[in-house]
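J.: Would you mind keeping the following structure in view while I ask a few things?
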Amino acid sequence: MIRSREDISLARRVVIKAGTSVVSTSEGYPSLSRMASIVENAAKLVREGKEVLIVTSGAVGVGRQRLSKQSVLRRSMSELLTQRELNIDQQDRALGIPTEKGKASYSSACAAAGQLGLMSLYETMFSQFDITISQILVTSFDFTSPERKQNIQYVISQLLALGIVPLLNENDPVSLNQGYQTFGNTFSDNDSLAALISIEMNAHLLVLLTDVQGVFDRPPKEPGAKLIDTFYGHESSESIASRFIVGEKSLQGRGGMGAKVDAALRASRGGVQAVVIAAGHEERIIDKILSGEKAGTIFLNYSPDNGDPVEVSSPTADALQPKASEAAAAEEENATDRIEALAAAVRRASRQLQGMSAAVRTKALHMVADALLASQDDLLAANAEDMIAAETSGLSGSLISRLKLTAEKLKGVVEGIRSLAETEDPIGKIVGRTEVANELLLEKVRCPIGVLLIIFESRPDCLPQIAALALRSGNGLLLKGGKEAERTNKLMHSVIVRAVVAATEGQVDGSVVSLVTTREEVSSILRLDKYIDLVIPRGSNELVSYIKSHTTIPVMGHADGVCHVYVDSAANCNMALRVLVDSKTNYPSACNSAESLLFHQDNVQSGVADKLLRALRAAGVVLFGGPRAMSLGLTDRVAEDLHCEYGDLRMTVEVVDGLQQAVDHINTFGSGHTECIVTEDSSSAEMFLRQVDSACVFHNASTRFADGFRFGLGAEVGISTGRIHARGPVGIEGLMTDKWMLRSGSSQGHTVASFSGSEKICSYTHKQLLK
């Protein structure tokens with residue numbers, strides 16, 4: 001339930017309405033930059049697993065430009081349209097169609113000519129993100145006919161299920177829908193069409209993009225006009241109307257702000273959880289809205305007084321309640337059933353794996369390593385296809401870097417798996433033994449956590465590492481990878497599963513390592529606390545933060561990696577150069593790459609800072625300065641945020657008075673991941689190691705050492721910055737828990753009653769036999 005802006009990210013089905021003033025320039029030409037922004041934001045939502053529908057205007061503007069260049073017979077099209085405009089009122093009345101008096105502001109001919117051009121633009125833009133679109137043209141009559149309405153619902157549901165983005169618009173050439181006259185209780189413009197579609201398709205969020213920032217208490221051009229933040233569904237129409245004054249509508253488009261507010265209220269009272277009216281001209285506006293930032297005016301179908309959705313009791317409201325098609329509901333139910341069945345299968349297979357001997361699980365690891373090497377050519381070919389698709393879709397440079405699989409990376413993965421196979425078997429390891437009483441022995445033993453859900457972006461090489469750790473520790477594994485690595489992940493998963501089944505001679509089902517390859521939304525998987533015991537997200541800050549706030553399953557991981565290198569006044573300059581350049585440039589997109597450089601102020605005066613910064617620039621690093629670094633002229637670019645994970649060849653530079661200020665700075669602006677001090681003063685180093693509150697703290701060593709393989713853990717499922725259960729690189733130990741085994745050696749057994757009261761015949765000894 002969306003109760004505030006912070007909850008908007010919960011929306012699974014989103015309708016975006018782009019008005020004429022957004023998709024067109026003032027001259028009537030398509031606004032390519034604003035359309036591209038809408039497409040880019042919509043594509044991001046689709047990649048996040050959300051369903052997106054777009055109601056778009058603009059066809060008339062595109063068509064008008066097209067027709068103005070043409071001639072019909074010996075007369076210009078403009079002359080033809082002028083004649084049409086002079087006679088349209090009379091002709092429409094003869095046909096019984098309501099129109100505005102005088103000159104018609106919208107030409108059905110323009111719309112007919114412009115639809116093709118408008119869709120061509122959208123198709124070209126969406127194709128850059130490997131997303132398919134479809135066009136649906138509707139009239140008001142389609143929603144008054146039960147059969148037609150049901151067909152629309154079914155078609156849209158099927159398109160969404162296939163990951164296709166439907167683009168809807170009024171079929172102007174057919175409807176001749178001029179102005180605000182309505183055909184029954186359906187729609188009269190694209191604002192009301194967007195509201196109607198949102199209701200009929202059970203959308204969670206409707207975004208109405210317009211040419212102003214939202215709803216103001218008075219026309220926004222008037223002095224003192226204030227943006228209204230929120231309307232609640234429990235407010236009466238009279239109350240809402242009293243809070244703002246509608247000014248003149250834009251010269252473009254059919255509806256004005258009044259039409260948008262009416263549409264927002266209609267959608268909200270029809271069951272749509274949230275509606276936002278915002279400026280389509282603003283950069284990243286859709287992304288801001290979905291991220292919970294304060295943007296536009298929000299209408300909530302929620303009463304802050306009692307927390308319940310608003311119930312509408314007017315006669316027309318019943319017709320406005322959500323009417324999701326049976327097909328859509330069935331599809332959603334089937335998707336939930338599929339993912340739940342898969343999770344249950346992983347649970348069963350994990351228990352089969354736990355029943356295998358250590359020798360069998362070791363054999364499985366070696367066979368997985370062999371199979372990966374044997375499939376190297378196929379894996380690299382599949383990855384090359386993923387890389388091409390990612391580059392075409394405009395994926396960020398840091399994610400593309402993580403996506404790339406090389407022969408060297410695969411070799412490192414295989415070495416890690418073989419190393420893991422040679423480690424001590426963790427299952428059943430006795431970590432504590434106590435004699436509770438005579439002939440009553442208590443043991444604390446290691447056992448698997450159960451079923452792990454790993455959600456990861458880009459890096460396909462983490463899939464076999466995680467699978468190997470799960471096999472060694474006896475855990476079942478449910479994997480959800482990003483679409484960008486789809487081909488690589490599928491092939492790698494297939495190779496691993498075949499090896500496991502072969503090694504166990506079919507005694508362990510292949511579902512022990514399962515990969516979710518369909519478009520089931522992450523949120524539906526995160527609800528499966530009956531089957532999943534631990535979630536480990538590996539990806540962006542946004543991904544990790546979303547998961548932490550949307551599940552009751554324990555989450556282990558880190559939201560970001562803002563790692564620091566502090567160069568102390570007692571640092572060896574050449575050592576600092578080696579450590580610093582390695583920390584930043586060895587693998588810039590890794591979470592243990594240094595993102596922030598701190599200098600003791602003495603380094604600025606001695607020239608050490610200048611030498612190190614020159615070395616970083618020579619290595620291609622772009623530097624951004626904090627306040628003191630800027631004032632001292634160390635860089636000419638200002639850092640917008642001292643807590644920033646760049647994930648590429650960019651770095652923040654700042655200057656501190658001394659060691660304590662460096663520690664305070666790191667504890668304030670760091671992420672608790674990995675920090676390093678470069679110094680030859682051992683007492684300063686020890687103070688730094690003790691006082692910096694991060695999972696990994698190093699002395700004279702690159703931050704890139706924060707890695708499970710380099711730590712000798714064999715491999716890692718990720719790095720945890722939490723304080724419970726596991727911290728730092730998480731290997732085998734982090735995937736184990738304990739259970740207690742109590743054994744009575746007495747022929748009579750043991751009872752609690754025999755240790756107290758009148759029946760007391762035993763005494764507690766609590767002798768520690770293993771420490």
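The values are calculated or read from the model by the stated rules, or taken from the named source; none is laboratory data. Quick caveat, the model's predicted, so the values are computed rather than measured. Note: ideal-geometry Cβ built from the backbone for every residue, glycine included; neighbour counts use all protein chains shown. Keep in mind that these areas ignore ligands, DNA and RNA; they rest on the heavy atoms of the full protein, side chains included. Shrake-Rupley method; radii C 1.70, N 1.55, O 1.52, S 1.80 Å.
J.: Quick one: how many residues across the stretch 197-209 are open to solvent by less than 10 Å² (accessible area, probe 1.4 Å) and either at positive phi or assigned to a strand (DSSP E or B) (or both)?
T.: Looking only at that region, the number is 5.
J.: Among residues belonging to the stretch 15-49 that are touching an Asp or Glu at 6+ places or on another chain (Cβ under 7 Å) and within 30 Å of E457 (Cα to Cα), point out the one that is surrounded by the most Cβ atoms within 10 Å (Cβ to Cβ).
T.: K17
J.: Pull up the stretch 457-471, narrow it to residues that are under 20 Å from L372 (Cβ atoms) and open to solvent by 10 Å² or more (accessible area, probe 1.4 Å), then point me to the one that is nearest to the chain's Cα centre (by Cα).
T.: My answer is R459.
J.: Separate question: So, of the residues in the stretch 626-654 that are part of a loop (DSSP other than H, G, I, E, B), of a type outside the set (S, T, N, Q) and open to solvent by less than 40 Å² (accessible area, probe 1.4 Å), which turns out to be modelled with the lowest pLDDT?
T.: Only one residue fits best here, namely G647.
J.: If you check D560, D582, which single one turns out to be closer than 29 Å to R727 by Cβ, charged (D, E, K, R) and modelled with pLDDT under 95?
T.: Criteria check complete, one pass: D560.
J.: Are any residues in the stretch 115-148 surrounded by fewer than 16 Cβ atoms within 10 Å (Cβ to Cβ), farther than 22 Å from R34 by Cα and touching a residue at least 40 places away in the same chain (Cβ under 8 Å), and if so, which ones?
T.: Across the stretch 115-148, the qualifying residues are F141, T144.
J.: Tell me which residues, restricted to the stretch 663-710, are assigned to a helix (DSSP H, G or I), in contact with a strand residue (DSSP E or B) (Cβ under 6 Å, 6 or more places away or on another chain) and surrounded by 21 or more Cβ atoms within 10 Å (Cβ to Cβ).
T.: Result: I666, F688, T703.
J.: Oh, and also: Do we find that K771 is modelled with pLDDT of 90 or more, surrounded by fewer than 16 Cβ atoms within 10 Å (Cβ to Cβ), farther than 28 Å from V544 by Cα and of a type outside the set (V, I, T) in this structure?
T.: no
J.: Under 8 Å between Cβ atoms, at least 6 apart or on separate chains: pull out the pairs that start in the stretch 400-422 with a residue that is in contact (Cβ under 8 Å) with a residue 40 or more places away in the chain and end on any residue that is of a type in the set (K, R) and part of a helix (DSSP H, G or I).
T.: Cβ pairs passing all conditions: L420/R472; A421/R472.
J.: Of the residues that sit in the stretch 557-585 and are part of a helix (DSSP H, G or I) and among the hydroxyl-bearing types (S, T, Y), which one is farthest from T679 (Cα to Cα)?
T.: T585
J.: Still on this structure, please answer the following. For the stretch 122-167, which residues satisfy the criterion of being under 19 Å from E51 (Cα atoms), touching a Ser or Thr at 6+ places or on another chain (Cβ under 7 Å) and outside any helix (DSSP H, G or I)?
T.: Once the filter is applied, which keeps residues that are under 19 Å from E51 (Cα atoms), touching a Ser or Thr at 6+ places or on another chain (Cβ under 7 Å) and outside any helix (DSSP H, G or I), the stretch 122-167 yields Q128, F129, D130, I164, P166, L167.
J.: Considering L410, L399, L379, L395, which residue is in a loop (DSSP other than H, G, I, E, B) and among the hydrophobic types (A, V, I, L, M, F, W, C)?
T.: L395
J.: Let me ask another. Do you know which residues across the stretch 721-748 are of a type in the set (A, V, I, L, M) and either assigned to a helix (DSSP H, G or I) or without any contact (Cβ under 8 Å) to a residue 60 or more places away in the chain (or both)?
T.: I724, L735
J.: Name every residue in the stretch 502-515 that is within 33 Å of the chain's Cα centre (by Cα) and open to solvent by 10 Å² or more (accessible area, probe 1.4 Å), in order of residue number.
T.: Once the filter is applied, which keeps residues that are within 33 Å of the chain's Cα centre (by Cα) and open to solvent by 10 Å² or more (accessible area, probe 1.4 Å), the stretch 502-515 yields D509, G510, S511, L515.
J.: State whether the residues of the stretch 599-610 include one that is within 21 Å of the chain's Cα centre (by Cα), surrounded by fewer than 23 Cβ atoms within 10 Å (Cβ to Cβ) and more than 24 Å from S396 (Cα to Cα).
T.: Taking every residue of the stretch 599-610 in turn, none turns out to be within 21 Å of the chain's Cα centre (by Cα), surrounded by fewer than 23 Cβ atoms within 10 Å (Cβ to Cβ) and more than 24 Å from S396 (Cα to Cα).
J.: For the condition under 23 Å from L515 (Cβ atoms), out of contact with any Cys (no Cβ under 9 Å at 6 or more places or on another chain) and modelled with pLDDT under 95, what is the one hit in L405, L365?
T.: That would be L405, the only listed residue that is under 23 Å from L515 (Cβ atoms), out of contact with any Cys (no Cβ under 9 Å at 6 or more places or on another chain) and modelled with pLDDT under 95.
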